[in-house]
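Visitor: Just passing along the structure, written as structure tokens.
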Amino acid sequence: MADTVTPAAATEDAPPAFPGAVEPARERTVRSLGIGIHVAEWGDPDAEPVLLCHGFWDHVRSFALLAPLLARRYRVVAMDARGHGDSGWAGAYSWTTWVTDIVHVLRDLGRPALLVGHSMSGGQTTDAARAAAELVRKLVNIDGFGPPPEDPQRPAKLAELTRYLNYRRRLGRQRDWNPYPSLDDLVRRRREQNPRLSEEWLRYFLFWGARRDAAGWRWKSDPQMAAGAGPWRPDWIGPGFATLRMPLLAVVGSEADTWGPLPERILAERLRHAPQLERATVAGAGHFVHIEQPAATARVIEDFFAA
């Protein structure tokens, strides 16, 4: 990786502000499987902990609007998944190691926690709660219920695995991202994928999700993650909910978006396996429910935690 300067030291501009976004009160590192996991906190350190886990390509400041609202009552902890944000990079990425990192951060909290996952981490927090039920009092999954069922015409698993390994091999030659000339160029690129998110929010979010060096602005996330965690089957998702031993709140937005929500018939079929299920739909939000409607999302989560 090239020599970098921290965002605060960059001369292009100061850290952008965004209404309602609050910087963490504390930051630290938790070691997990040889990787440093960056952890940020808001609220009273003696209050009951809530652990927030972000989606693919995101980082802890995706919760900069939700966390301070929950921190009125809770110790709110957010973690950068390995390969994301300010956590360490790995030689390769697997679903199991991401789940294990969540369990290690839960253990580091010192008492059972309330657990929240968005998108990719919705699935990973579900698996972490299954693996370490004694560490999780309640679970919230925000639009992290997997992709639609596989196309029956897709190639056989061996061919799919071959494509995955070939892609991993090609990515192995890319050790960093190509630079963008400016932060605004990063904003435009990300907004192509997430058109519901405003340029103002993305400028705040991506300032902390990128680093600046002599060549320009580069994503902090590891390009090796583009290969994903390997082939898997969406029809494994529903039965995975069956062994949850704590209440689950399933949250989606009311608006169709690039990444969700799933059609109701698919979502209902997967969620029917959960023994203790509550559901909530947040009006006026797409996939990034906690960013588009943070106050409404906080109310839904707090009501579930308090019940």
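The values are calculated or read from the model by the stated rules, or taken from the named source; none is laboratory data. Bear in mind the structure is a predicted one, so any value in this text is a computation, not a measurement. Quick reminder, even Gly has a Cβ in these numbers, built from the backbone with ideal geometry, and neighbours come from all protein chains shown. Side chains included, ligands, DNA and RNA excluded: accessible areas come from the protein's heavy atoms. Shrake-Rupley method; radii C 1.70, N 1.55, O 1.52, S 1.80 Å.
Visitor: Looking at the stretch 235-254, which of the residues that are open to solvent by 70 Å² or more (accessible area, probe 1.4 Å) and either acidic (D, E) or not in a helix (DSSP H, G or I) (or both) is modelled with the highest pLDDT?
Guide: Among residues in the stretch 235-254 that are open to solvent by 70 Å² or more (accessible area, probe 1.4 Å) and either acidic (D, E) or not in a helix (DSSP H, G or I) (or both), the one modelled with the highest pLDDT is R245.
Visitor: Looking at this structure, is H290 in contact (Cβ under 8 Å) with a residue 24 or more places away in the chain, in a loop (DSSP other than H, G, I, E, B), in contact with a Phe, Trp or Tyr (Cβ under 8 Å, 6 or more places away or on another chain) and not hydroxyl-bearing (S, T, Y)?
Guide: On the way: in contact (Cβ under 8 Å) with a residue 24 or more places away in the chain: yes; in a loop (DSSP other than H, G, I, E, B): no; in contact with a Phe, Trp or Tyr (Cβ under 8 Å, 6 or more places away or on another chain): yes; not hydroxyl-bearing (S, T, Y): yes.
In short, no.
Visitor: Here's another thing I want to ask about it. With respect to T281, determine if the residue is closer than 29 Å to R72 by Cα, open to solvent by 70 Å² or more (accessible area, probe 1.4 Å), of a type in the set (V, I, T) and at pLDDT 95 or above. Give the steps one after another, and end with the answer.
Guide: Details: closer than 29 Å to R72 by Cα: yes; open to solvent by 70 Å² or more (accessible area, probe 1.4 Å): yes; of a type in the set (V, I, T): yes; at pLDDT 95 or above: yes.
Spelling it out, T281 is indeed closer than 29 Å to R72 by Cα, open to solvent by 70 Å² or more (accessible area, probe 1.4 Å), of a type in the set (V, I, T) and at pLDDT 95 or above.
Visitor: Follow-up question, since we're still on this one. Within the stretch 241-287, which residues are over 23 Å from D303 (Cβ atoms) and either free of Cβ contacts under 8 Å to residues at least 40 places away in the same chain or within 19 Å of the chain's Cα centre (by Cα) (or both)?
Guide: Passing the criteria: A242, A256, D257, T258, W259, L262, R265, E269, H273.
Visitor: Another question, if that's okay. So, in the stretch 79-99, of the ones that are open to solvent by less than 20 Å² (accessible area, probe 1.4 Å) and in a helix (DSSP H, G or I), which residue ends up farthest from E48 (Cα to Cα)? Walk me through it before giving the result.
Guide: Looking only at the stretch 79-99, we keep the residues that are open to solvent by less than 20 Å² (accessible area, probe 1.4 Å), and these are 79-85, 87, 90, 93, 98-99.
Checking the rest, the ones that are also in a helix (DSSP H, G or I) come to 98-99.
Values: W98: 24, V99: 22 Å.
The selected residue is W98.
Visitor: Separate question: Could you list, ordered by first residue, the pairs with Cβ atoms under 7 Å in which the first is in the stretch 293-306 and more than 15 Å from V76 (Cα to Cα) and in contact (Cβ under 8 Å) with a residue 60 or more places away in the chain and the second is open to solvent by 10 Å² or more (accessible area, probe 1.4 Å) and not basic (K, R), at least 6 apart or interchain?
Guide: A295/L69; F304/E278
Residue-by-condition table, conditions (1) assigned to a helix (DSSP H, G or I); (2) in contact with a Gly (Cβ under 9 Å, 6 or more places away or on another chain); (3) surrounded by fewer than 22 Cβ atoms within 10 Å (Cβ to Cβ):
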| residue | (1), (2), (3) |
| --- | --- |
| G36 | no, yes, yes |
| V39 | no, no, no |
| D44 | no, no, yes |
| A47 | no, no, yes |
| L52 | no, yes, no |
| F56 | no, yes, yes |
| R61 | yes, yes, no |
| P68 | yes, yes, yes |
| R73 | no, yes, yes |
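Visitor: (1) surrounded by 21 or more Cβ atoms within 10 Å (Cβ to Cβ); (2) within 17 Å of the chain's Cα centre (by Cα): which one isn't true of V136, the others all being true?
Guide: (2)
Visitor: List the residue pairs whose Cβ atoms are under 8 Å apart, where the first residue sits in the stretch 163-188 and is closer than 22 Å to A210 by Cβ and among the polar types (S, T, N, Q), the second is modelled with pLDDT under 95 and not in a strand (DSSP E or B), and the two are 6 or more positions apart or on different chains.
Guide: Cβ pairs passing all conditions: Q174/P223; Q174/Q224; S182/E12.
Visitor: Determine, yes or no, whether I102 is closer than 24 Å to D143 by Cα and open to solvent by less than 30 Å² (accessible area, probe 1.4 Å). Before the answer, list the steps.
Guide: Working: closer than 24 Å to D143 by Cα: yes; open to solvent by less than 30 Å² (accessible area, probe 1.4 Å): yes.
Here the answer is yes, as I102 does meet what is asked.
Visitor: Of everything in the stretch 17-33 that's farther than 16 Å from A67 by Cα and of a type in the set (D, E, K, R), which residue is most open to solvent (accessible area, probe 1.4 Å)?
Guide: R31
Visitor: Checking the condition in contact with a helix residue (DSSP H, G or I) (Cβ under 7 Å, 6 or more places away or on another chain) and part of a loop (DSSP other than H, G, I, E, B), which residue from L186, L197, L206 passes? First the steps, then the outcome.
Guide: Values: L186 fails: part of a loop (DSSP other than H, G, I, E, B); L206 fails: part of a loop (DSSP other than H, G, I, E, B).
Sole residue among the options that is in contact with a helix residue (DSSP H, G or I) (Cβ under 7 Å, 6 or more places away or on another chain) and part of a loop (DSSP other than H, G, I, E, B): L197.
Visitor: How many of the residues making up the stretch 38-60 are farther than 15 Å from I102 by Cα and either among the hydrophobic types (A, V, I, L, M, F, W, C) or out of contact with any strand residue (DSSP E or B) (no Cβ under 8 Å at 6 or more places or on another chain) (or both)?
Guide: The number of residues fulfilling the criteria is 3.
Visitor: What number of residues within the stretch 255-278 are surrounded by 15 or more Cβ atoms within 10 Å (Cβ to Cβ) and outside any helix (DSSP H, G or I)?
Guide: The qualifying residues number 9.
Visitor: Considering the stretch 256-270 alone, what residues qualify as being farther than 9 Å from H287 by Cβ and charged (D, E, K, R)?
Guide: E264, R265, E269, R270
Visitor: Criterion first (more than 21 Å from the chain's Cα centre (by Cα), within 22 Å of D222 (Cβ to Cβ) and modelled with pLDDT under 70) does R169 satisfy it? Steps first, please.
Guide: Values: more than 21 Å from the chain's Cα centre (by Cα): yes; within 22 Å of D222 (Cβ to Cβ): yes; modelled with pLDDT under 70: yes.
So R169 fits the description; yes.
Visitor: Another question, if that's okay. Which of the numbered conditions does W217 fail, given that it passes all the others? Conditions: (1) touching a helix residue (DSSP H, G or I) at 6+ places or on another chain (Cβ under 6 Å); (2) loosely packed, with under 14 Cβ neighbours inside 10 Å.
Guide: Answer for W217: the failing condition is (2).
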